[in-house]
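**Student:** Right, I'll just put the structure down here and ask away after.
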Amino acid sequence: MAVSRERVARRWTLLRFGLFFAVTASLIVFLGLQIARVSTGAGYALVATFDDVSG
């Protein structure tokens, strides 16, 4: 059973679109988390108390 060129071209188009969509969606989620400042738990918090904040 031979697969037509049109069918192969359609499969490659769908594969490329799916890959593009996955990469784009991942980047949008990553940027959204960075903008929202969602923490993954890594790092540490600093707290400082100042007597005078002028100068």
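**Student:** How much of the accessible area of the chain, in percent, comes from carbon and sulfur atoms when a 1.4 Å probe is used?
**Tutor:** Within the chain, the accessible surface is 66 percent carbon and sulfur.
**Student:** Given the -39500 (n - 2.57) contribution per DSSP H run of 4+ residues, what per-residue ellipticity at 222 nm results for the chain, rounded to the nearest 500 deg cm²/dmol? Don't skip to the answer; put the middle values down first.
**Tutor:** On the way: 1 runs with 32 residues, N = 55.
So the helix-based figure for the chain works out to -21000 deg cm²/dmol.
**Student:** If I take the Cα coordinates of the chain and project them onto the principal axes, what are the three extents in Å, biggest first?
**Tutor:** 82, 23, 12
**Student:** Per residue, what accessible area does the chain have, given a 1.4 Å probe and all protein chains present, in Å²? Don't skip to the answer; put the middle values down first.
**Tutor:** Working: 5930 Å² over 55 residues.
That works out to 108 Å² per residue.
**Student:** Ranked highest first by average number of other Cβ atoms within 10 Å, how do 42-54, 18-30 line up?
**Tutor:** Numbers: 42-54: 4.8, 18-30: 10.0.
Sorting 42-54, 18-30 by mean packing, highest first, produces 18-30, 42-54.
The values are calculated or read from the model by the stated rules, or taken from the named source; none is laboratory data. In this text, all values refer to a predicted model and were calculated from it rather than measured experimentally. When we count neighbours, we look across all protein chains shown, and the Cβ atoms used for this are built from the backbone with ideal geometry, even at glycine. In case anyone asks, the SASA skips ligands and DNA or RNA and just uses the protein heavy atoms, side chains included. Shrake-Rupley method; radii C 1.70, N 1.55, O 1.52, S 1.80 Å.
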